[in-house]
Structure formats: C-alpha cells, structure tokens
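For reference, the structure discussed in these notes is given below.
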Amino acid sequence: MRVPMAWLREYVDIPWDAGELAERLTWAGLKVESVEEVGEELAGLVAARILEIRPHPRSPGLWLCRLEDGEAVRQVVTGAPGLAAGQVVAYARPGGVLPGGRRLGRERFGGELSEGMMLAATELVLGEEHREGEGVLVLPAEVTPGTDLVRYFPLRDTVLELELTVNYATHCQSILGVAREVASLTGGRVRLPAVFARDYQPGLPAGEDAHGEAARITSVRVEDGDLCPRYTALVLEDVRPAFSPVPVQFRLHAAGMRPLSAVVDVTNYVMLELGQPLHAFDLDRLEERRIVVRRAREGERLRTLDGRDRELDGEMLVIADAVRPVALAGVMGGEETEVTPATRRVLMEAAWFHPVSVRRTSRRLGLRTGAAARFEKGIDPAAVLAASRRACSLLEEMGVARLVSGSVDVRPSGYGARQASLRPARVGAVLGLDIPESEIAGALGRLGFGVDTTGGESWRVTVPTWRADVVGEIDLIEEVARLHGYQRIPSTLPTGSPATGYLTREQRLTARAREILAAAGLAEALTFSLIAPDAFDRLGLGGDDPRRRALTVRNPLSVEWSVLRTSLLPGLLACLAHNQAHRVPRAGLFEVSAVYLPGELPPRELPSERLYAAAAAYGPWRDPHWRGDSPEVDYFLLKGVVEYLLDALGVGPVEFTPSGEPFLHPGRQARITCGEHLLGVVGELHPRVARAYELQGRVAAWELDFSTVLALATEDRRYRPLPRYPAVTRDVAFMLADHIPAARAEEVIRRHGGALLESLRLFDVFRGEGILPGHRSLAYSLVYRSPDKTLTDREVDEVHAGVRRALEVELGATLR
Amino acid sequence: MEWDWVRLRQDAEAEVAGAATRAELEEVRIRYLGRKGVVTRALAQLGRLPPEERPEFGRQANSLRQGLEEAVARRREEIEREEETRRLREEAVDVTLPGVPVRRGSLHPLYRVAEEVKRIFLGMGYRVAEGPEVEYDWYNFEALNIPRDHPSRDAQESLYITDDILLRTQTSPVQIRVMQAMAPRLPVKVIAPGKVYRRDTVDPTHSFMFHQVEGLLVDRGVTMADLKGTLEEFARQLYGPETRVRLRPSYFPFTEPSAELDATCPLCGGKGCSTCGSGWLEMAGCGMVHPRVLEVGGYDPEEVTGFAFGMGLDRLTMLKYRITDLRLLFQNDVRFLEQFI
C-alpha cells in the first residue's frame, strides 16, 4: 500500500515529518517498508504563453510556436493540433527533466529550431508519450508564464510504502484507514469528504431501497445473497470522454496506479482514498440495463478487461445483466461493458462481496487486483454507498457526468457495529504490565471503538464496521498493546510451574552418534529430503524394490526435487559428485536424518519418518603426506567406521555377511546384522551406479536404519577388572580356501580357545608364493590369559594345539 | 720394590681423563683395576712385604684404587653425557615439517547452531519436541487458525502430497501435537527444531527446504513480558550479554498479540552495519498463543496463557558464521563443511 503524504494530510493533521511518521506507524503495527520521494527529478516544467503559432514552412502538419516561459521567448516545433495564440500551456524548457528522468534539449525539425517541448498531461505526470486523443495541456489563462508546475499542481510528494499484515489490511488499505491510524496516534480527528460523511450509514437492516431516477433506469437482483451481502448502484448521465485533472492523475501515479480515463480514474481514486472498490459499467451495453448478482453457470465465459477469455465455474460469483456475465464480482470487470469514449451513461457499482468468495475466484483465475485485495480482507459495509456517491460527485465536479437522483441498494444481509466484551484486568494479565483502566478505554476510543465501562469488571465494546478483523477480547487486547506501545512491555522471566529440561535417550544417542562419526573423520552433510524420481533407476533398484515406494509431491517447483527420499544415499552420492566436479580430491560425508516410508499409496495416513544414518566417501583416506601416502577409501575403511559407531553405541555383537544390494559391488558388500535385527548395508558402489552419478574411482558407502540402532543401543558400561596375571601370546597362520570366510575361522578359534582365549587379532592376509590358488593365508595373534593365575607354557600349548587341530579338521585349513 | 705412588697416580688419572669412549675407559680401568691390573697386582704383593711396610703400602694402594675408581666413575658419567648429547644432536628434526594429519571430521554448521539453541533452552527448563515433517493440512494450518481460504496461506505456498497431507511449512504444528499430548498437565515447555518446506526456488536467500525452531510455553499466568524476557535471555546467551531486544507489532494467525522480536546486531553491537542496516536484526516471530489454538490443544484459555516463538535456524547460522549464500548449507562441498571442525 502506497500512501502519498499530501493526500494523507488532506485527511488528518500530521505533526511529524515523513521519517517520524514512518517510525511511529511501524511501532503501531503498520510497517513502513520505505519512504520514497516521487517527482524529485523534475526540473524546468513551467507554464508558458503562446505568443504566435504558424505552419511550419517546410513540413506539413507541423507548426512553429513562439512561447514566452517567464525567462525567455522560445520556439517550439509541434504537431499538436488546436493550439492558439494567447493560450497558457504546460511546457518543459530545454534542460528540463520529465518524470523518469528524460531531459529535454534543442532539436531541429525540418530545419527549424525546437527548444524544449509543450506537454500533454501524460508527459507531465508519467513522462510517457501522450495518450490517444490527448492534446497539449492547456492551463487557465490567468496562470503566469514561468509558474513552476511542480508546485502548481503539485507534481512532487513523499510516499510511504506500507507492508500491511493480514489483520491491518482490513482497514488500512486506504488513505482514510491510514489517516484513522494516524489520528489514533496524534489524538487528532479525521477529516472526511462532505459527501462521504453525509451518506455514511453506520448500520442498516437487510432490505431493498430503490428510488428516484436511478430506480426507474435500472434494477438490481441479488440471487446469491450468501456471497453478496450488499449491492448498490448509482446512475450517471451525460457522460463525456475526458482525462482526469492533473492532480488526480498524479495521485494515482504516486499511489502506484495508471491514469486512464476520467471515469475509471475516479473509481480507482476513491478506492485508494476510501478503501471501497467501485466499478463503472457502460449502462447501455447491459442487456435490459439491469444487474443480476449470481453464481456463474456451467460453461459461461467472460472476456475480462485485460482482454483474456475466462472460463467460469459454478463457485464464482459474477455480475450479470439480463442474459450473461459482465463482471467477476469483486475481481475484474468485463470488456464488453467497460466504459469507452462512446459511453454516455454509467452504472456505478459499489458492493460488499464475501471475502472468501472473492479470494477463491481471484486465486483460481490468478487475477490479483486492487479490488480483490480489498474485498478479500473485508471492507467497511457502512461506506459502500457513501464511497460511490463520493466518486459520482467528483465526476460531477470535473464536469464529465451528471448524477441522476436516487439509488438502488439491495441488502440480503443487514450490518452494523458488533459488540465484544473486554475485561480490563485481562489486558495486564496477558501483556504482563499494568495499564490504568482509563488508558485502556482511551486507547480503544482513539481507534474508533465505543467503550462502555459501566460493567466494571467486564466492559462492552462496540467494534466499528471497518474493523472486520476484530472479533474477540484478545483482538482488543492487541489493539491496546499496540497503541500503548510494545516498547513499554518489560522483560520478565516466567515464574510458573517448575520444569526440568533434558534430552530423551534417543536425542542424546543421536547427538553422540553424530559426534562419533565426525570423530571418525567424516564431514556431516545436510541434504534435501526431496530427490529426483530417477534416483531409484540410477541406483539400479529392481522394479519391486521396497525403496521405490515413495511419496511424491503433487506440485513441485522442480521435478529434481519432487520425491520424498526413502534412502539417504542418493543425496549423499549427488553431493560426492558435486565435490568431484569441483576437483575436491577426497570427500567423506555422513548424515543422520529422516527417510519417509509410506504405508498405503496413495497415502491416507502420514508416512513413517524413520531416522537413518548413512555415509559415503571417495579418495585417499588422508591427505598425501611426506611420511607416506594414505590408503584409498574402500569397503574396509567404511566398515571400520560402522564398527566404531556401533561399538560406541553399545550395539553388538554385530555380524557382516555377504549381501546382494543391486547398487553395490557384488563382491564387496555386506549386510550388517545384530541378532535377528537387520541394521543396514556397507559396501563399495557398483561401477554402473558410480557412472550414473558421474563418480570416478572407488566409492564406498553404508546406510543404517538408525531407529533400529537406537533401539538396540545401550549407554550401560560396566567396569572389567584389569588383568592381574601376565598374558601369553601365540600366533597361528594357515591357508584357507577362499569360499570360507574369515569369520568362520574366528568362530572356530574362539570356540576352541575357550575361556583362556582373551582376544584374537588378524594381522596378515597373504596370497601368492607358496599359497594354493583359490586360497589365502590368514595369520592371527591369539592372547591367552587366566583371570586367576599365571598360565604355564604347557597349559597354553595344550589349548593352542586344540585350536590348530580344529582349524585343520573343521575347516580343512593347512597350517603353516 | 719401591713404588712411585705419586707418579703412578698421575699416569693413571691422565689415562682416565684421556679415554674418549666408554670402551677406552674400560680398557684403562682394566689396566689399573682389573684382575691383572697394576693396582690389583700391587695389592696382591702386600702379603709378601715385610710387616712394617705393609700398613703404609696398603694405605697407598687402597687410596690409589679408591681414587681411580672414583675417577673412572666420574669419567664414565661424563662420557655418557657427551654420547647422549651427540645422539640427541643427531636426532634433531626440522620441527617445521607438518605433523601427521588426523583425518578431520566436522559437524554441519546448521546443526552446530541448532545444538547451541537447544543447550540454551535446556538450561531454561525446556525439552526438545519433535513432530512429523510430512504433516496433515489440519495440523499445519487449520488447527493454527489458518482455514483453507485464509490470506496468510498466500505467503506460504505449500508442497502438497495429497489434498490433506503436505510438507509442513512451519514448525508450529508441533505446538498442537505437544499440547494435545500433554493436556491437561502444566507446564508445556518445549522447543521444536526441524525442517520445514515451502514452494520457493533455491537462491542465495531462499530454499524450498529450510529450518526453524519453535518454542512454546503454556502455563498459568504466562505473559508477553515473559516472552520478551525469555527471548532476551536467549539472545544474550547466543550473542553476548550486551545484547538488547525489542518487540515490534506483527501478525500471525495463531498468536495474538503477535510480534517480531529484534535483537541488536551482534556484528556491530547495534550501531548499524552492512548486515543489519539499522543496528537491529529480526530474530523471531512470536506472540501470545491465540485462545482458539489453546482450545484446540486441549487447554482452557481462561485458565492458562502461553507464548510461542519461531526462529529461522538457517538465518541464525548464516549470521553466526557470516555465510552470505544459503545454498552453501545444502551443497555439502567438503571445502565448506570441513571449516566447521
């Protein structure tokens, strides 16, 4: 909402400059976004008297004009018709500047000097080419040549740009509304236009008033009163085509609207001024010259003023004549009945349409207009007809139309001031500061509320009709708060019921997991929950893979982000690709976040949001270093990270067994389980998938169902006594067929090592010389220890021999 | 046989002093004090001397042996010290060579800020609540006083799954879920950080996914002054004890009165700079929980009042680390992430 200060000052005295006013309005809840000077650039625009006019000697259709502009006598070449010596016209001197910054100079037309330019109103107000049918602006003859036009009209103002919140948009989308707010701050009074003040009707019952000439010329029938509680019509005759006076055009321009013709300009002017949208119909183009307000019928169409054909539906309220829709109620008029230069009679519509109906129509058609913006927030029903009369009287003053007697006013619903109750004690209880009752009543009074304090503890408050946003007590408390000043609210700390703050077990463990993964050397990533629909194809998931069952956003901005992820890996892999594309030599990412697993599809219930954890990495594990290079990321490096994580969370024992994920290397992947619980997978990316993500080199990754991990995690840690007796270490190396996993060998070793075997550690895996094809050599270091004595060599030898024998017998291992 | 004890001592001490290594010293020691050494042999002669010479001879010989033993021990210590000094000198390294790198992990800056916010509110007695990101329209809008045709739905264009299910546009629905779970117990005192989604294109200041933290206190006698005090305490812990706050009127359908909370800019201390302009930064949207929202939550607005606030975590993060492009938070470039060790 743009508010020109000079316009506002017509309505209310303002003791402050624009800056202070902006500050005070902002603190009262009307946020002033900016303060703008309009017309600052203008220069050299003056009145000038035509001394002489004669045809251009060489160019037919052009004239040579000699002008006196208060400074000098100048020559201007013009094509404008109808000028005569003695007239005073708008003139831009050479060096003068028009709106928008265009600077005028001296030119030659057909060899004749032309200095500056005579101006039409459009050039003067907008700095744009004059409109069709518009001539040079002729000023009253008594205006002295040299008079500065910027001051004369004026053509300069300070404009406040308000950013209105939804609640204040109900009553502050007009100069009048803002003036009321200003008056509540200054304690001053609002000055209303006389016509408006006289015809303002604070309350009326439902009914129909039709009288005078207007009622004989036209009629109004409201068929759908639920969407149109009030519809009024006034009739103008003797309409003649004209442009608005410059001050009106300038105000429209300053407020952000385009001047068009006098009739249209006045409807806009009054809407900006009083907040009541108006529409002017060419009365003689309405079939049977009457108005029917009804819902559109199936299949009806309307070409709106913007020249577009609109298909209407049965929920849209339209203004129709006897046979067809002629306007979208509260949104936009129709082209066929718009006011044109040929219009001789106008039906001026002023109505009160249902906010939700207007909003729905406007949204459905994508038509956001000033009228819709006002109707959908709620207008002042008491001002409807008064605003219409104000517009008609302005047109009469301009001499472009004559208002006929009488009016038509159809009200399916009545209206009037509503009542609300306010307990003054409640104000302090909500705000946390004491405001004297007299101040509460005073604040509400200045905002136009009627306050009856005779109830004592509970007051009766009359809500003005322009405050559709105020319904209950809490709304009144807010009004008091903003007028009293939010700055005066003190800072206190709550003193209510005791409460302790703590994290739940899951929250604590999740935070711990993220710290562990960071400590393991991975960088925490934050990826979008939405992925591309082709992510599952890129992973090569089978057609019936459960991860393909994903929720899809119905109205995505981009298909790239339209599917709710069922795995964290697509996001992480895309991020790895981003890093490789930027030539980052190594990257290791992890994320602990939700995936969205739907039940039935399409969903009727919310999906299960399960917490997953995942990691993905490529490149050397460490930066190259002068002490030697680091291992490259592979299965085992990321397996180590998973093992660390699960161990730190007390989850175990954990098993890794070969698995068959389509997106992982078939020979380098494992399913991670703990007892009967499947925790996740770890592996190297399948080269085909790596290619699909444009990833080079080995990429390893894992993903865990972290919700399951959390369920199995324990924070219990029990102290194990430190050993009191020395350990004995024995190594065993053996050749084992490739198809027997090391885990089997370890299981055999543990079983036969029994209670004395404290730990075992694989320290070498070897293939090559001396090893049969299809086999490898494994070397373990076994630590034997007894908790209650020093073991003798003989005791250890006996157990160790048993281990060696078992490896041979049970696994067919060849001892080395 | 006549012994020149003085001469002998001088020679022996000269040899001890002249030994340069432990081996040389040992040679000297053996020559004099070894089993066949000069001194040992001299003492062996003792029995053969006439009895009257024995005491003098014995004294001289023992004195010599004792003196030599001490001299050898001293010299050995010297030699060892010299050898160690030499060895240490040889072991000297270029201390400016880089250390062996530890693989450095990092925590995402946004989560770091979220943790800090949680820590502050935990200290004030708040718990951390969670709610679904895929949410019913009813919780996201209707229950919060935003019916289907409410104008404030314009500002929050939503990503819908079905007519009734959407990606939550704000963390505020957690207010309703927590109240419904808690009612009628008091106080309700939670914060709820999380992801939210709107139909926005990604640019330096916008994203379709971003993060908020919601706060809610419902209890007997909660006031707007408590709201201001609570957020003031939060701002001071986050930005420093000099921070000041102010409430500006605003509008949210689910709070009334509603306000924006501004804090003095931590970068310039409120003097005004290129980041804040005026010296103030918007920190939170907030207000007193609307009576209808309390009712939906299962509380009687005549009995209790409450305040609620919501903050943008992405903005707090960008401010804290002076990040100027929101997209950096979601690109996961490790050159960015690894700055947050």
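The values are calculated or read from the model by the stated rules, or taken from the named source; none is laboratory data. Because the structure is a prediction, the values reported are computed rather than measured. Every residue, glycine among them, receives a Cβ derived from its backbone with ideal geometry; neighbour counts consider all protein chains shown. SASA here: full protein model, heavy atoms, side chains in, ligands and nucleic acids out. Shrake-Rupley method; radii C 1.70, N 1.55, O 1.52, S 1.80 Å.
A compact table of results
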{"read-out": "Single condition B:VAL202 does not satisfy, out of (1) over 30 Å from A:THR527 (Cβ atoms); (2) at pLDDT below 95", "value": "(1)"}
{"read-out": "Unique match (being charged (D, E, K, R) and within 23 Å of A:ALA329 (Cβ to Cβ)) among A:ARG216, A:ARG230", "value": "A:ARG230"}
{"read-out": "Test result for B:GLY277, open to solvent by 10 Å² or more (accessible area, probe 1.4 Å) and more than 11 Å from chain A (Cβ to nearest Cβ)", "value": "yes"}
{"read-out": "Single residue of A:VAL430, A:VAL461 found to be at pLDDT 95 or above, open to solvent by less than 10 Å² (accessible area, probe 1.4 Å) and either more than 32 Å from the chain's Cα centre (by Cα) or at positive phi (or both)", "value": "A:VAL461"}
{"read-out": "Given (1) touching a residue at least 24 places away in the same chain (Cβ under 8 Å); (2) under 17 Å from B:ALA17 (Cβ atoms), index of the condition B:ARG65 fails", "value": "(2)"}
{"read-out": "Restricting segment A:135-164 to residues that are within 14 Å of chain B (Cβ to nearest Cβ) and buried (at least 21 other Cβ atoms within 10 Å of the Cβ), the residue that is nearest to A:GLU33 (Cα to Cα)", "value": "A:LEU162"}
{"read-out": "Boolean, A:GLY652 is open to solvent by 30 Å² or more (accessible area, probe 1.4 Å) and assigned to a loop (DSSP other than H, G, I, E, B)", "value": "yes"}
{"read-out": "Answer from A:THR454, A:THR492 - the residue that is polar (S, T, N, Q), more than 7 Å from every other protein chain (Cβ to nearest Cβ), open to solvent by 10 Å² or more (accessible area, probe 1.4 Å) and more than 29 Å from A:PRO355 (Cβ to Cβ)", "value": "A:THR454"}
{"read-out": "Of all residues making up segment A:303-356, the number that are assigned to a helix (DSSP H, G or I) and either open to solvent by less than 10 Å² (accessible area, probe 1.4 Å) or within 27 Å of A:ASP238 (Cα to Cα) (or both)", "value": "3"}
{"read-out": "Matching entry among A:ASP623, A:ASP629 (being over 23 Å from B:LEU110 (Cβ atoms), at the interface with chain B (Cβ under 8 Å from one of its Cβ atoms) and assigned to a loop (DSSP other than H, G, I, E, B))", "value": "A:ASP623"}
{"read-out": "Residues of segment A:745-778 satisfying the condition of being among the basic types (Lys, Arg) and closer than 16 Å to A:LEU815 by Cα", "value": "A:ARG767, A:ARG776"}
{"read-out": "Top-ranked residue of segment B:143-181 - restricted to ones that are free of Cβ contacts under 8 Å to residues at least 12 places away in the same chain and more than 17 Å from B:PRO132 (Cβ to Cβ), ranked as farthest from the chain's Cα centre (by Cα)", "value": "B:ASP149"}
{"read-out": "Those residues of segment A:179-238 which are of a type outside the set (Val, Ile, Thr), more than 30 Å from A:ALA18 (Cα to Cα) and crowded, with 21+ Cβ neighbours inside 10 Å, in sequence order", "value": "A:ALA214, A:LEU227, A:CYS228, A:ARG230, A:TYR231, A:ALA233, A:LEU234, A:LEU236"}
{"read-out": "Matching residues in segment B:213-242 - criterion: being more than 7 Å from chain A (Cβ to nearest Cβ), open to solvent by 30 Å² or more (accessible area, probe 1.4 Å) and part of a loop (DSSP other than H, G, I, E, B)", "value": "B:PRO241, B:GLU242"}
{"read-out": "Every residue from segment A:28-51 that is within 14 Å of another protein chain (Cβ to nearest Cβ) and touching a Phe, Trp or Tyr at 6+ places or on another chain (Cβ under 7 Å)", "value": "A:GLY29, A:LEU30"}
{"read-out": "Qualifying strands (runs of 3 or more DSSP E) (wholly inside segment A:130-240; at least 2 residues being within 30 Å of A:PRO325 (Cβ to Cβ) and not small (Gly, Ala, Ser))", "value": "A:207-211, A:220-222, A:230-237"}
{"read-out": "Only one of A:ALA690, A:ALA613 that is assigned to a strand (DSSP E or B) and at pLDDT 95 or above", "value": "A:ALA613"}
{"read-out": "Number of the condition not met by A:VAL38 [criteria: (1) open to solvent by 40 Å² or more (accessible area, probe 1.4 Å); (2) closer than 29 Å to A:HIS253 by Cα]", "value": "(1)"}
{"read-out": "Within segment B:44-58, considering residues that are small (Gly, Ala, Ser) and either open to solvent by 50 Å² or more (accessible area, probe 1.4 Å) or more than 17 Å from B:TRP5 (Cα to Cα) (or both), the one nearest to the chain's Cα centre (by Cα)", "value": "B:ALA44"}
{"read-out": "Selected residue (only one of B:VAL6, B:VAL95 is modelled with pLDDT of 90 or more and either under 57 Å from the mean Cα position of the chain (by Cα) or open to solvent by 50 Å² or more (accessible area, probe 1.4 Å) (or both))", "value": "B:VAL95"}
{"read-out": "Residues located in segment A:561-571, provided they are touching a residue at least 40 places away in the same chain (Cβ under 8 Å) and surrounded by fewer than 23 Cβ atoms within 10 Å (Cβ to Cβ)", "value": "A:SER567"}
{"read-out": "Tally, over segment B:243-269, of residues that are open to solvent by 10 Å² or more (accessible area, probe 1.4 Å), farther than 11 Å from A:THR165 by Cα and more than 29 Å from the chain's Cα centre (by Cα)", "value": "5"}
{"read-out": "Residue match in segment B:26-43 (condition: open to solvent by 50 Å² or more (accessible area, probe 1.4 Å), closer than 15 Å to B:ARG74 by Cβ and of a type in the set (Lys, Arg))", "value": "yes"}
{"read-out": "Candidate set: segment B:59-92, residues that are surrounded by 16 or more Cβ atoms within 10 Å (Cβ to Cβ) and farther than 14 Å from B:ARG29 by Cβ; chosen: the one farthest from the other protein chains (Cβ to nearest Cβ)", "value": "B:GLN60"}
{"read-out": "B:ASP262 vs. criteria more than 7 Å from chain A (Cβ to nearest Cβ), out of contact with any Gly (no Cβ under 8 Å at 6 or more places or on another chain) and within 30 Å of A:VAL553 (Cβ to Cβ)", "value": "no"}
{"read-out": "Checklist (1) modelled with pLDDT of 95 or more; (2) at negative phi applied to B:LEU281, failing item", "value": "(1)"}
{"read-out": "Unique residue being modelled with pLDDT under 95 and either over 20 Å from A:LEU569 (Cβ atoms) or surrounded by fewer than 12 Cβ atoms within 10 Å (Cβ to Cβ) (or both) when the list is A:THR714, A:THR729", "value": "A:THR714"}
{"read-out": "Test for A:LEU30: is it open to solvent by less than 50 Å² (accessible area, probe 1.4 Å) and modelled with pLDDT of 95 or more", "value": "no"}
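Listed here are the residues, each with its yes/no results for (1) surrounded by 15 or more Cβ atoms within 10 Å (Cβ to Cβ); (2) out of contact with any Pro (no Cβ under 9 Å at 6 or more places or on another chain); (3) more than 29 Å from B:TYR160 (Cβ to Cβ).
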| position | (1), (2), (3) |
| --- | --- |
| A:GLN507 | yes, yes, yes |
| A:ALA511 | yes, yes, yes |
| A:ALA519 | yes, yes, yes |
| A:ALA525 | yes, yes, no |
| A:ILE531 | yes, no, no |
| A:ASP534 | no, yes, no |
| A:GLY543 | no, yes, no |
| A:LEU551 | yes, no, no |
